Amino acid sequence: MTPWPAIAAVAVLSFALKAAGPTALGERELSPRTRAVITLMAPALLAGLVTTGVAGDRWRTVDPALLVALTAVPLLRRCRLPMPAVLVAVALLATAVRGLTT
């Protein structure tokens, strides 16, 4: 049995759900509050996925080096460092933390 019928069904369902919003809304505009909530949904979902990926199931597999590195990224970006410099700094920081914890 191949997974392709299930993949096709999920694709069609996804397309239908994405088309339902604009169809139901018509020509009306969303309120500013609703737009703000929709705008913040993707970063919140991403933060949850990253947290789950880093911490593992029930926070059992927390890697201190990865946790420190992920915490440092927004701080370094806030200092307006270019992304290559941030990546190098975070790699060095994770290496230092890993060296201290092992």
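The values are calculated or read from the model by the stated rules, or taken from the named source; none is laboratory data. What you see is a predicted model; the values in this text were computed from it and never measured. With ideal geometry, Cβ positions are generated from the backbone for all residues, glycine too; neighbour counts draw on all protein chains shown.
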Picking from Leu13, Leu30, Leu66, which residue would you name as being surrounded by 10 or more Cβ atoms within 10 Å (Cβ to Cβ) and touching a residue at least 24 places away in the same chain (Cβ under 8 Å)?
-> Leu66
Does region 80-102 contain any residue that is touching a helix residue (DSSP H, G or I) at 6+ places or on another chain (Cβ under 7 Å), modelled with pLDDT under 90 and not aromatic (Phe, Trp, Tyr)?
-> yes
Of the residues Val37, Val50, Val68, Val12, which is assigned by TED's automatic domain parsing to the domain that holds Ala91 and of a type outside the set (Gly, Ala, Ser)?
-> Val68
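Among the listed residues Val10, Val62, identify the single one that is outside any helix (DSSP H, G or I) and of a type in the set (Val, Ile, Thr). Lay out the reasoning, then the answer.
Details: Val10 fails: outside any helix (DSSP H, G or I).
None of the other options fit; the residue is Val62.
Test Val50 against the stated conditions and say whether it is in contact with a helix residue (DSSP H, G or I) (Cβ under 8 Å, 6 or more places away or on another chain), part of a helix (DSSP H, G or I) and modelled with pLDDT under 90. Don't jump to the end; show me each part of the working.
Values: in contact with a helix residue (DSSP H, G or I) (Cβ under 8 Å, 6 or more places away or on another chain): yes; part of a helix (DSSP H, G or I): yes; modelled with pLDDT under 90: yes.
Yes: the conditions hold for Val50.
Can Leu40 be described as among the hydrophobic types (A, V, I, L, M, F, W, C) and more than 28 Å from Pro74 (Cβ to Cβ)? Break it down stepwise before answering.
Values: among the hydrophobic types (A, V, I, L, M, F, W, C): yes; more than 28 Å from Pro74 (Cβ to Cβ): no.
No: the conditions fail for Leu40.
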